[in-house]
Every structure is written in structure tokens, then in C-alpha cells.
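Beneath this line is the structure, given in C-alpha cells, with notes to follow.
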Amino acid sequence: MGLDAERPFTDAGTPASVWQQWEPGWPEFDLTDPPPRVVVVAPHPDDEVLGVGGLLVRLSELGTRITVVAVTDGDGSHPGSPTLSARQLAQHRIAEQHAALTALGLGQAPVHRAELPDGQVTGHEATLAAFVEPLLTADTWVLTTWRGDRHPDHEATGRAAALAARRAGARLVEYPVWTWHWAVPADPAVPWSRARSVSLPERVVRDRRRAVDCYHTQIAPLSEHPADAAVLPPPFLARLLRASETVFV
């Protein structure tokens, strides 16, 4: 996650309490026949944990092999930072992603880095689709950011992953991230009819929280300089770090 190109919203967003009070009654995501392999396509380091970190743990425990595609290295999250250059920030975020996956028990999962420019994935969708497709087979599930998430990189990543999945005959499962910020319960702009709930045991919730805590450059300020502000403040995290996750099928 990041901002500017990665910070499409500047308001406080829908409070977590509003989402917590909503009881939509979505069906549980069916994991009775898990796939042999899942490829999670994340626009920025941290999106894999924020969106489906708990689901990845559950699938891994069911015997599914997890593969991560890191679309960008997240070097655009703090433009103008006096503390870290874009290259230094990318190095930090790559290390944070490895630590986060380790916290989920997925430290051995292969990570394929597409190294696309942060904030400019829209201009490289064909390249990304070609990068992802060889990793897929017909019995693979592709987990990726929802194509309507209203974050340019998230939507472009979703479109590219959908194209790769369609070409390979793989199953596409989308997950919202920024949607929880701009949308409201029963928002007609969101395909709630496709929503499925992923219940998470308490131990998985704790592991996911530890994984998010690994992203120090995103959850805490780099310095007191305004350009070094935290990208993922507590109100944002509160919307996502609940006892369940949501996917669109």
C-alpha cells in the first residue's frame, strides 16, 4: 500500500464501527475442496496480508501451495521523503514482505517480483498478465485485488490477473482493500452478491496482525516530516483487521 499515486483518498473514510454493525449474512467461502496451488497477486507489498492474509493461512493449512506475485516493490509510498530514497524504501518493503509472510507461516512461499513502477501499473497490464500467466494452471486459484477497488494500481492489477486467469483457465477470486474506505454498507457500487466471508480462527487473526506489524514503513511515520507520515494509520487498519475477510467470487 502507498499513497499519492497510491493515496487516492484523503478523507477519513467510513469508520470501522459502521462496518462492524453491518450484518449482511454473506455465505461462507467454500474451502471444502481447496486447490493444490494459489497465486496471490498483490499490487504492493502488504496488500496480500491486508486483503487475504488469513485466507492464505487457512489454505496453506489445508495443503495448498502458496505463491506470491509482487507487482511493484512499493517504492512510491512516500514521495518526497527526506528519510528514505525510493530505492531504499523498496529494499525495506521487500524485507518487510518476507517478514510478514514468515509471520503467517509462509516464509518459504516463492515470491515472484514483477518490478513494475509503483503507481503506474495501468500502463503495464499486458506485461503483468504475461508475467502471471506462466505461473497458472487450470486447477490454480488466483487471488487478486478487486477490479473496482478505486485504486489505480489495484484495479490494473485485478484486470491483468483476470486476463491471465482467463487465458489459463484458472479460477479468479478478488479481494477488496480500499473499498472499505470509500464504500458504505449496501453500497450499490460494490458487487455484494458476489461476496463471500472467510471466517478466521483467533490464532489466525493474531498471526495476521503480527504480519501487518512487519510493515513498519507503512504503519508508522518514517520521521516527523509531513512526507514521512504513516500510510496505514490505525483507522484504516481497523477496517481490515477483523475476525473475517471478504472475497468476491
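The values are calculated or read from the model by the stated rules, or taken from the named source; none is laboratory data. Keep in mind that what you see is a predicted model, and the values were worked out from it rather than measured. Because the Cβ atoms are built from the backbone with ideal geometry, glycine has one as well, and the counts that use them run over all protein chains shown. Heads up: the accessible areas ignore ligands, DNA and RNA and are worked out on the full protein's heavy atoms, side chains in. Shrake-Rupley method; radii C 1.70, N 1.55, O 1.52, S 1.80 Å.
The figures follow:
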read-out: Extension gain (nm, one decimal) between HIS216 and ARG65, 0.36 nm per residue minus Cα-Cα; value: 51.7 nm
read-out: Assigned charges on the beta-carbon of Lys, Arg, Asp, Glu; segment 1-136 dipole about Cα centre (debye); value: 360
read-out: Sequence-separation-based contact order of segment 1-155, relative, with Cα cut under 8 Å and 6+ spacing, percent; value: 33
read-out: Viscosity 0.692 mPa s, 37 °C: Kirkwood-radius Stokes-Einstein D of segment 17-134 over Cα pairs, µm²/s; value: 206
read-out: Carbon + sulfur, % of accessible area of segment 102-179 - ligands and nucleic acids excluded, 1.4 Å; value: 50
read-out: Dipole magnitude of the chain about its Cα centre (Cβ charges: Lys, Arg +1; Asp, Glu -1), debye to nearest 20; value: 460
read-out: Protection proxy ranking of 35-45, 110-120 - average other beta-carbon atoms within 10 Å, highest first; value: 35-45, 110-120
read-out: Helix-only mean residue ellipticity at 222 nm for the chain, each DSSP H run of n ≥ 4 adding -39500 (n - 2.57), per residue, nearest 500; value: -11000 deg cm²/dmol
read-out: Cα gyration tensor shape for segment 84-128, rounded if a/c is under 1.5, else prolate or oblate; value: oblate
read-out: Cβ-based charge dipole, segment 1-117, positive-most Cα from VAL57, ALA86, THR14; value: ALA86
read-out: Dipole of the chain, positive end: most advanced residue of PRO201, PRO233, VAL121 [Cβ charges, Cα centre]; value: PRO201
read-out: Excluding exposed DSSP-loop chymotrypsin sites (Phe, Trp or Tyr not before Pro) (at most 14 other C-beta within 10 Å), longest clean stretch of the chain; value: 23-249
read-out: Fraction of alpha-carbon pairs over 13 Å apart in segment 178-220 - percent; value: 69
read-out: Accessible-area composition of segment 19-66, carbon plus sulfur, in percent [1.4 Å probe]; value: 43
read-out: Calculated FRET value between SER223 and GLU202, using beta carbons and R₀ = 35 Å, to 0.05; value: 0.50
read-out: Euclidean distance of C-alpha centroids, segment 21-67 and segment 95-124, integer Å; value: 16
read-out: Accessible area (Å², per residue) of the chain, counting only protein heavy atoms and a probe of 1.4 Å; value: 41
read-out: Cα-based convex hull volume of the chain per residue, rounded to whole Å³; value: 112
